[in-house]
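The values are calculated or read from the model by the stated rules, or taken from the named source; none is laboratory data. What you see is a predicted model, and the numbers here were worked out from it, not measured in a lab. In this analysis, Cβ positions are derived from the backbone assuming ideal geometry, glycine residues included, and neighbour counts consider all displayed protein chains.
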């Protein structure tokens, strides 16, 4: 068979298994109510947890950034692309998460890839939760360190692995909030294991930053943790409403990443206007606690409303509320039935989640109101 024939056969098989992915066309700003594929929907599929992606204050800040700095950065950070506003943003991020320094990256994927591969390599070992995000898994593989995975949340297994490694440098990597399950990692216990076994802890707070902790300062603030063994990564395109990511930690850590993180060194810097918008976003995140309070109210309402539904919600106190269906085709059919009622809820299927655990990933936003959630509850109960 030719390459194209093989690809066509693979796509046909994926279609038959209910696993083929398709893109929808969004023709409106990212909000709770959107226009997609020519129709109006209430969307429960965005990571815009605080409802900031279309906030006019962020738009105004981006416009100001465009007027000051133009559209593109034009060069990598280490050549001539590191704008004054990039520098201001890094200082503001470090202060916000209460760590000495921060370094911005263009995406969360690049932040994880760059940080992990810069810190460990041959002769070292990485220990990873089995449900970690793909970017952490890929980062571990690229690093060429020994890659050891432990069962989800299994601290006893992780300790056995740490005890039995001869590795020179040991790095535990973990999602702070697991993107498909919505549960929060036991960060204090993980850090305790790292202290006892001379390891370092990289936490990916993509889904906790802005949502958890005092003033939305993230999972470290949620648990009241401060340690020089922590390497903190968070993304800026979810609760922060814009784009990009950052790594924060000690001055030595950040300087090492500037020198060695290939995904930082060998790419054009992000547009400065986005950094200007993110400075505005940080101010809103820190001041407007009502957004997190609304999220808590909506989470409580959803979980109470679906307590008797045919499909269980996984335990989660975050805006990620997974409804477990099991079969991929059934999950797709349920998602399509909801879409026909004007509700967008994505079906998540293997390989994103393990076989037999297809689900609807309900994502809540401060831009939703109680009527939106009640409409979803009623539609799910009716279908059930």
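A few points about this structure:
- Which listed residue, of 275, 234, is over 19 Å from residue 49 (Cα atoms), crowded, with 24+ Cβ neighbours inside 10 Å, in contact (Cβ under 8 Å) with a residue 60 or more places away in the chain and under 20 Å from the mean Cα position of the chain (by Cα): 275
- Residue tally, condition on the phi > 0 side of the Ramachandran plot and either under 15 Å from the mean Cα position of the chain (by Cα) or surrounded by 21 or more Cβ atoms within 10 Å (Cβ to Cβ) (or both), over the stretch 186-212: 1
Rundown of residues vs (1) over 27 Å from residue 54 (Cβ atoms); (2) in the same structural domain as residue 244 (by TED's automatic domain parsing); (3) touching a helix residue (DSSP H, G or I) at 6+ places or on another chain (Cβ under 9 Å); (4) in a loop (DSSP other than H, G, I, E, B), yes/no style:
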residue	(1), (2), (3), (4)
310	yes, no, yes, yes
316	no, no, yes, yes
322	no, no, no, no
333	yes, no, no, no
338	no, no, yes, no
352	no, no, yes, yes
361	no, no, no, no
376	no, no, yes, no
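- First in the stretch 288-300 and closer than 13 Å to residue 369 by Cβ and in the same structural domain as residue 314 (by TED's automatic domain parsing), second anywhere and part of a helix (DSSP H, G or I) and at pLDDT 95 or above, Cβ under 6 Å, 6 or more apart: 298/373
- Residue 162 meets the conditions (1) under 23 Å from the mean Cα position of the chain (by Cα); (2) surrounded by 14 or more Cβ atoms within 10 Å (Cβ to Cβ); (3) in a helix (DSSP H, G or I) in every case but one. The failed one is (1).
- Residue 61 over 30 Å from residue 329 (Cβ atoms), surrounded by 13 or more Cβ atoms within 10 Å (Cβ to Cβ), in contact with a helix residue (DSSP H, G or I) (Cβ under 6 Å, 6 or more places away or on another chain) and assigned by TED's automatic domain parsing to the domain that holds residue 206: yes
- Given (1) surrounded by fewer than 16 Cβ atoms within 10 Å (Cβ to Cβ); (2) part of a loop (DSSP other than H, G, I, E, B); (3) within 26 Å of the chain's Cα centre (by Cα), index of the condition residue 87 fails: (2)
- Subset of the stretch 218-231 (residues that are surrounded by fewer than 21 Cβ atoms within 10 Å (Cβ to Cβ) and part of a loop (DSSP other than H, G, I, E, B)): 224, 225, 226, 227, 228, 229
- If you go through the stretch 23-46 and keep only what is part of a loop (DSSP other than H, G, I, E, B) and either crowded, with 18+ Cβ neighbours inside 10 Å or under 21 Å from the mean Cα position of the chain (by Cα) (or both), you end up with 23, 24, 29, 30, 31, 32, 44, 45, 46.
- Test: residue 147 is touching a helix residue (DSSP H, G or I) at 6+ places or on another chain (Cβ under 7 Å) and touching a residue at least 60 places away in the same chain (Cβ under 8 Å): no
- Of the candidates 139, 176, 146, the single residue that is surrounded by fewer than 20 Cβ atoms within 10 Å (Cβ to Cβ), under 25 Å from residue 250 (Cβ atoms), modelled with pLDDT of 95 or more and assigned by TED's automatic domain parsing to the domain that holds residue 99 is 146.
- Some residue of the stretch 33-43 being within 17 Å of residue 236 (Cα to Cα), out of contact with any strand residue (DSSP E or B) (no Cβ under 7 Å at 6 or more places or on another chain) and at pLDDT 95 or above: no
- Residues that are out of contact with any strand residue (DSSP E or B) (no Cβ under 6 Å at 6 or more places or on another chain) and in contact (Cβ under 8 Å) with a residue 24 or more places away in the chain, drawn from the stretch 113-133: 113, 114, 116, 117, 118, 119, 121, 123, 124, 131
- Single residue of the stretch 278-298 satisfying the filter (out of contact with any helix residue (DSSP H, G or I) (no Cβ under 7 Å at 6 or more places or on another chain) and crowded, with 21+ Cβ neighbours inside 10 Å) that is farthest from residue 91 (Cα to Cα): 295
- Test: residue 305 is touching a helix residue (DSSP H, G or I) at 6+ places or on another chain (Cβ under 6 Å) and within 27 Å of residue 184 (Cα to Cα): yes
- Contacts under 6 angstrom Cβ, first residue in the stretch 255-271 being outside the structural domain of residue 243 (by TED's automatic domain parsing), partner loosely packed, with under 14 Cβ neighbours inside 10 Å, 6 or more apart: none
- For the stretch 362-370, the condition holds for at least one residue, the condition being that it is surrounded by fewer than 22 Cβ atoms within 10 Å (Cβ to Cβ) and under 15 Å from residue 296 (Cα atoms).
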